[in-house]
Amino acid sequence: LDDLEAVYRSPVKDWTFVNDFTPVIAAKYSKVRQALDDVKASGALFCDMSGSGSTVFGVYESASQAQDAANLLSGKWNAALL
């Protein structure tokens, strides 16, 4: 648990969290792969799926960067929430 806390408290760009479902789901569902690629391209320091892929999310350096990404992504995807 201490190791997990240490990773969580490290800079976001250094996070090593892994969702084992991501490569499997992204390979099978091109929309999930595209969503991950789009979130990363929007400037997210970290992006992944939640659980088995109901949500793709990104972590940004600032609230204004997150808002800019949400504005950009909402033009392509059904929902982009901040």
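I want to confirm something. Restricting to segment 1-17 and keeping residues that are of a type in the set (D, E, K, R) and more than 23 Å from L72 (Cβ to Cβ), which single residue is modelled with the lowest pLDDT? Of everything passing the filter in segment 1-17, D2 is modelled with the lowest pLDDT.
Looking only at residues of segment 6-17 that are among the hydrophobic types (A, V, I, L, M, F, W, C) and assigned to a loop (DSSP other than H, G, I, E, B), we find that the one that is surrounded by the most Cβ atoms within 10 Å (Cβ to Cβ) is W15.
The values are calculated or read from the model by the stated rules, or taken from the named source; none is laboratory data. Because the structure is a prediction, the values reported are computed rather than measured. Cβ: placed from backbone, ideal geometry, glycine included. Neighbour counts: every protein chain shown.
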